[in-house]
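Structure, as structure tokens:
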Amino acid sequence: MKRNNKMVLLSTLICLLPMLLSWALYDQLPDQVAIHFDAAGNADNYLPKAWAAFGLPMLMALINLYTYFRLINDPKVENASSQLRQITKWLVPVLSIIIIPVMLFMAMGVSVPISLLGSAVAGVVIVLTGNYLPKCRRNYTVGIKLPWTLDSEENWNKTHRFAGYIWVIGGLVIIVSSFFSAWYVLLAVIALLVVCPIVYSYAFYKNSTHSDLETS
């Protein structure tokens, strides 16, 4: 428990680290800071600089605390791959110290290939997650939590093995496509990575149900 408390504290402090940069750059920031960009890298949503500079790190810290709360209170969390648990624990802090500084520098006029950076980071996260999905046993927090995977250990294992393969391949495709500004590839691949495991899990469930009826 003490180790968990230390990890929560450390990761939350990392989420808040960009506030130091915000404080140093605050006077140089415009009144409105872009916080969202379209597929072409053009800003399409803004926040007042106080909210962007200090509110967003606090939001990331709250998301991080919620993530830890879910993990710590999951009775089956030990079933999840230890590597996947680490990715889940550190994803928000890492994103906080990457995304918020980039956002602040872009607001000051620094040119950053945001589309390439965002796609590449997404691809790396997907590859890492896909690599460890097959090692993740049934739990309520980490993994592909569908009615059919939570109901059947066999369905859970097979769905995660299948998803692991396609997530690794899909993540690599996203990384490569990020260098060609092919945003439509990113959207298409992510849609497939979401839909395919759902379809596979449901098909496996229906097939298992049909087989059980024939046996009985």
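Annotations for the structure displayed:
- Screening the candidates V185, V142, V112 for the property of being without any contact (Cβ under 8 Å) to a residue 60 or more places away in the chain and either of a type in the set (G, A, S) or in a loop (DSSP other than H, G, I, E, B) (or both) yields one hit, V112.
- Qualifying positions in region 115-139 - hydrophobic (A, V, I, L, M, F, W, C) and either farther than 25 Å from I72 by Cβ or not in a helix (DSSP H, G or I) (or both): L116, L117, A120, V121, A122, V124, I126, V127, C136
- The residues in region 47-93 that are over 30 Å from G164 (Cβ atoms) and either open to solvent by 40 Å² or more (accessible area, probe 1.4 Å) or touching a helix residue (DSSP H, G or I) at 6+ places or on another chain (Cβ under 9 Å) (or both) can be counted, and the count is 14.
- Extreme residue, farthest from V185 (Cα to Cα), among residues of region 137-172 that are among the aromatic types (F, W, Y) and in contact with a Cys (Cβ under 9 Å, 6 or more places away or on another chain): W156
- In region 24-46, the residues that are open to solvent by less than 80 Å² (accessible area, probe 1.4 Å) and more than 30 Å from I174 (Cβ to Cβ): A24, L25, Y26, L29, P30
- Residues of region 17-64 that turn out to be aromatic (F, W, Y) and assigned to a helix (DSSP H, G or I), as a count: 4
- Yes/no for L172 being farther than 25 Å from T67 by Cα, surrounded by fewer than 20 Cβ atoms within 10 Å (Cβ to Cβ) and among the hydrophobic types (A, V, I, L, M, F, W, C): yes
- Conditions (1) closer than 23 Å to W183 by Cβ; (2) modelled with pLDDT under 85; (3) among the hydroxyl-bearing types (S, T, Y): number failed by Y46: (2)
- Among all residues of region 118-140, there is none that is at pLDDT 95 or above and among the charged types (D, E, K, R).
- Extreme residue, farthest from the chain's Cα centre (by Cα), among residues of region 78-92 that are part of a helix (DSSP H, G or I) and either of a type in the set (A, V, I, L, M) or at pLDDT 95 or above (or both): L84
- The single condition among (1) at pLDDT 95 or above; (2) open to solvent by 60 Å² or more (accessible area, probe 1.4 Å); (3) not hydrophobic (A, V, I, L, M, F, W, C) that D151 does not meet is (1).
- First in region 77-97 and in contact (Cβ under 8 Å) with a residue 60 or more places away in the chain, second anywhere and crowded, with 17+ Cβ neighbours inside 10 Å and of a type in the set (F, W, Y), Cβ under 6 Å, 6 or more apart: S81/Y132
- Failed criterion for I166 (all others in (1) open to solvent by less than 60 Å² (accessible area, probe 1.4 Å); (2) in contact (Cβ under 8 Å) with a residue 40 or more places away in the chain; (3) among the hydrophobic types (A, V, I, L, M, F, W, C) hold): (2)
The values are calculated or read from the model by the stated rules, or taken from the named source; none is laboratory data. Values in this document were obtained by computation on a predicted structure and should not be read as measured data. Here the Cβ is made from the backbone with ideal geometry for all residues, glycine too, and neighbour counts use every protein chain on show. Each accessible area value is taken on the protein alone, full model and side chains, heavy atoms only, with ligands, DNA and RNA left out. Shrake-Rupley method; radii C 1.70, N 1.55, O 1.52, S 1.80 Å.
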